[in-house]
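Below you'll find the structure, written out as structure tokens, and then a few comments.
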Amino acid sequence: MLNFLIYTAVAIFVLVLLAKFVKYSTMPIHLRWEIYPVPHDPRHEHGGSYYEEVSWWAKPRLKTLAGELKEMLMEMLFIKRVFTYKRSLWWLTYPFHTGIYLILVWFVLLFISALIDIFAIGILKMPVYYLTLVVGSIAIILLLIFSLALFIRRVSDWELRSYSSFLDYFNLIFIFAVVLTGALAWQKDFDFTIAKDYMKALITFSSPPTVSLETQIHIALLSLLLIYLPFTKMTHFLTKWFTYHKILWEDEPVIGSEMEEKLKKYLTGFKVKWSAPHIDPNLTWAEEASKCDLAGKCEVKL
Amino acid sequence: MRERIAIQDIAKKEGQLVKITLEDLMKLPPPYDKPGMEPNVTEPKPEWSQNYVTELDGYVAIDIPWKPKNKEEEEAMVQKFINGLKKLMDKEANWTFLQPLLLSLEYCARCQTCSDACHIYISSGRKEIYRPTYRAEILRRLIKKISSGGNFKAKFLGDVELNAKTILRLAECAYRCNLCRRCAQYCPLGLDNGLIAREIRKLFVQEFGIAPQALHAQGTAKHLTTGSSTGLTPDGLKDMIEFFEEEIKEKTGKNIKIPVDEKGSDILLIHNAGEFLSWPENIEAFAIIFEEAGLDWTLSSEIVGYDAVNYGVWYDDVQFSRIALKHAEIARKLDVNRVVVGECGHAHKALTVVADRIFVGEYQIPRESFLPILWDIVRTKKLNLDPNKNDFPVTLHDPCNVVRLMGIVEPQRKILREICPKFREMKPNGVYNYCCGGGSGFAIMNSMNFPEFRTKVSTRMKFKQILDAFQDNISPEVKKYVCAPCSNCKGAIRDILGHYNATANCGIHYGGLVELIVNAMVDIEQPYIEMF
């Protein structure tokens, strides 16, 4: 039964995330709305763009992947903006996110440990065993302390509290509950041997080992979290890709690009729909935008 | 006193939500750190509240009487607002900004990191309603509320009552943001509360026809129908051109013919028409530089073609598209190779960046800023310049639209380093600059008591930066120059210098970049910049 829940949870997690990705990827191309510095521009150190060049369209547009990777990694690994602009929060949110990263690494290590057992790769057994122990222990401690700390901060700080909804608290409590039950389960399986055996069972579709009640509750809660998470704003790890790469750093000009056909479709196919006096909702964007002619005749009704 | 205003208060609280007081405002550097150095704040006239929305902070940006008179009108307003919310979420009606809007609405962690980026929030003494997340959170909750299962969602995602108070205050609140988007630069998740302010404005104008008159009736509508939001007509322009040519001759001894409607020119130069009326020396300086550098250029006298502004970029996608398309059509008719935008920040961003994706086919004519061209002229020594002629302290204001939102940072600095020996930076600067406080239309919104909000709150941070930059020479005997290569920024800075009497108190003057270049020209004997 627990196994079924785990497989279902993983499937839902992947499918809903995929659906979200498709939803945002298939939205119409928006108008340009970037903010500098744009790190893939070679002039990003001073915040510059290709518009600093005379006749920019006649010159090759240079991009630096290294600049973009560096900025991405600074944000992903160190949460740079919170560090720079809200240090007091960073001391709480950074260890929390580090805990998440480490627990993901722990799952990967557990997976590897299981494979090592299945394929009997003796030489790797002990290094991975100790690594799993260290990574898992740190992750649990960080998540336990800092999910609670973030919750306390949200409750106690008026500036956060007055904007927070029930779900903002619930998300942190849910994570805390998952980690707490995980920590209790850990007490019964201090070196994660049972966890590894459980993983082995999941990989080989065989019967799992007998686990403590705490572990059963933990697995159930973790599976529920996996099902719940993709429906929430906690999927910001995915949508940040859009906000940065598709909006704030998106500086692709129409000249020399392949987006023109799509844009023509929006302009001539999409109806404006708005109802203010100066707009005819039944016209397309192209018809509406060209309503004023060059002789000065214009139908801007107010 | 810092009032604790909650999200729900927008729908419930009677009277003004907040009140601006001198005591609460951010402190200014010397000599404005002493009492009595700045005029006090005023109260809104009591009769205004009959027709106008004074219930936010007492200031009125939307200078149109639009309060509902009875229950029926109130219900109709709520229904119209709901229709507008749905259109904001619609793929066709809002294809222009749907993706960034949805992401910004869905993913805010309410961490409030963005608040410290906002000059209005900080300058006001951290009044809650100016926090970038305040209006965004209200819009977010209202959208959830009207979606399917709204009342259920409201319980878990946060609620706010939807009534006339909410709608009226939210509309005003959308005009307490300069759309400088510094908050988006701070956001760890890459979300954009500046965009949300703009989308709220858009809902009100595109569904209700409601916007400040300076932007809509006297702005884009006038621009499209008479040729310029200043009211300047093609005939008026031609008269002015003649006057400018005479004035150039008088001031510099140079015989310069300003080219107008010259088909087949390399460059169509378009200025903010405000320059023609308020700062003709800027238009003249451009003519002097472009002619001396031997550029092949022209102005347009076609309706709309001689005014680069596009106020639509601040509040209305339809008006924005109409104006942008006319600019492109005029360039196409003149058969120019490229359009060059003069000292107007929002026109830079509107025409060059934002409108890029509505120009397809023959309308896709290259557009660029004047700044790299100027640097090229200075760098290649096409003009004989003597930096000693600019031997006074100069600081540079970075227009958000040119710098943070377009990435043109260095050309203007390279020019100033070359021609102004006493150039010093404001802090912060470049892409991390603060808005002048006139952004998103504030510089031209002059009705009722809105100018007071501008001078007291939105431009306050810029005034502080200017004072800080000149602290080493703050006495009025030393003439100083704030270089603001943007018409609206210049207007905002003119107003703060006037409000605080800073030219008399501190010797601070302001102007554009081209004026400094002409001032440094060796063959012009009289100072071009009139400070002394």
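Observations, loosely collected:
- Of the candidates B:ASN388, B:ASN446, B:ASN473, the single residue that is polar (S, T, N, Q), under 17 Å from B:HIS509 (Cα atoms) and surrounded by fewer than 24 Cβ atoms within 10 Å (Cβ to Cβ) is B:ASN473.
- The listed residue being buried (at least 19 other Cβ atoms within 10 Å of the Cβ) and touching a Gly at 6+ places or on another chain (Cβ under 7 Å), out of A:LEU263, A:LEU267, A:LEU248, A:LEU226: A:LEU248
- Filtered by the rule that a residue be within 14 Å of another protein chain (Cβ to nearest Cβ), surrounded by fewer than 24 Cβ atoms within 10 Å (Cβ to Cβ) and closer than 25 Å to B:GLY437 by Cβ, the range B:260-319 gives no residues.
- Residue within the range B:152-164 that is at negative phi, out of contact with any Pro (no Cβ under 7 Å at 6 or more places or on another chain), crowded, with 18+ Cβ neighbours inside 10 Å and of a type in the set (Phe, Trp, Tyr) present: no
- Any hit, the range B:359-378, residues being free of Cβ contacts under 8 Å to residues at least 24 places away in the same chain, farther than 18 Å from B:CYS420 by Cβ and touching a Lys or Arg at 6+ places or on another chain (Cβ under 7 Å): yes
- Listed by position, the strands (runs of 3 or more DSSP E) contained in the range B:313-423 that have at least 1 residues being of a type in the set (Val, Ile, Thr) are B:338-341, B:394-396.
- Top-ranked residue of the range B:86-102 - restricted to ones that are touching a residue at least 24 places away in the same chain (Cβ under 8 Å) and surrounded by fewer than 21 Cβ atoms within 10 Å (Cβ to Cβ), ranked as farthest from the other protein chains (Cβ to nearest Cβ): B:MET89
- Residues in the range B:416-442 that are more than 30 Å from B:ASN384 (Cβ to Cβ) and not aromatic (Phe, Trp, Tyr): B:LYS427, B:PRO428, B:VAL431, B:ASN433, B:CYS435, B:CYS436, B:GLY437, B:GLY438, B:GLY439, B:SER440, B:GLY441.
- Filter result for A:LEU77 (more than 27 Å from B:SER115 (Cα to Cα) and surrounded by fewer than 20 Cβ atoms within 10 Å (Cβ to Cβ)): no
- Identification of helices (runs of 4 or more DSSP H) wholly contained in the range A:150-219 with 2 or more residues that are surrounded by fewer than 15 Cβ atoms within 10 Å (Cβ to Cβ) yields A:166-187, A:193-204.
- Qualifying position, being within 11 Å of chain A (Cβ to nearest Cβ), under 20 Å from B:VAL60 (Cβ atoms) and among the basic types (Lys, Arg), among B:ARG198, B:ARG169: B:ARG198
- Number of the condition not met by B:LEU105 [criteria: (1) more than 9 Å from chain A (Cβ to nearest Cβ); (2) under 27 Å from B:THR459 (Cα atoms)]: (2)
- Residue in the range A:220-239 that is more than 8 Å from every other protein chain (Cβ to nearest Cβ) and either over 27 Å from the mean Cα position of the chain (by Cα) or acidic (Asp, Glu) (or both) present: no
- Scanning the range A:270-285 for residues that are outside any loop (DSSP other than H, G, I, E, B) and surrounded by fewer than 19 Cβ atoms within 10 Å (Cβ to Cβ) yields A:LYS271, A:THR284.
- Residue within the range A:23-40 that is within 13 Å of chain B (Cβ to nearest Cβ), of a type in the set (Val, Ile, Thr) and surrounded by fewer than 17 Cβ atoms within 10 Å (Cβ to Cβ) present: yes
- Among the residues making up the range B:169-188, those that are part of a helix (DSSP H, G or I), of a type in the set (A, V, I, L, M, F, W, C) and either under 19 Å from B:LYS127 (Cα atoms) or without any contact (Cβ under 8 Å) to a residue 40 or more places away in the chain (or both) are B:LEU170, B:ALA171, B:CYS173, B:CYS183.
- Every residue from the range B:189-221 that is in a loop (DSSP other than H, G, I, E, B) and not polar (S, T, N, Q): B:LEU189, B:GLY190, B:LEU191, B:ASP192, B:GLY209, B:ILE210, B:ALA211, B:PRO212, B:ALA214, B:LEU215
- Filtered residue count, the range A:247-269, keeping only those that are within 7 Å of chain B (Cβ to nearest Cβ), assigned to a helix (DSSP H, G or I) and touching a residue at least 40 places away in the same chain (Cβ under 8 Å): 4
- Looking across the range B:216-225, the residues that are buried (at least 19 other Cβ atoms within 10 Å of the Cβ) and within 8 Å of another protein chain (Cβ to nearest Cβ) come down to B:HIS216, B:THR220, B:ALA221, B:LEU224.
- Any hit, the range B:283-292, residues being touching a residue at least 12 places away in the same chain (Cβ under 8 Å) and not in a helix (DSSP H, G or I): no
- Restricting attention to the range B:201-215, the residues that are at the interface with another protein chain (Cβ under 7 Å from one of its Cβ atoms) and either under 15 Å from the mean Cα position of the chain (by Cα) or of a type outside the set (A, V, I, L, M) (or both) total 4.
- Residues considered: B:ILE358, B:ILE323. Of these, the only one that is of a type in the set (A, V, I, L, M, F, W, C) and facing another protein chain (nearest Cβ under 7 Å) is B:ILE358.
The numbers here are math on the coordinates, done by the rules we state, and not lab data. Because the structure is a prediction, the values reported are computed rather than measured. Reconstructed Cβ throughout: ideal geometry from the backbone, glycine too, with neighbour counts over all protein chains shown.
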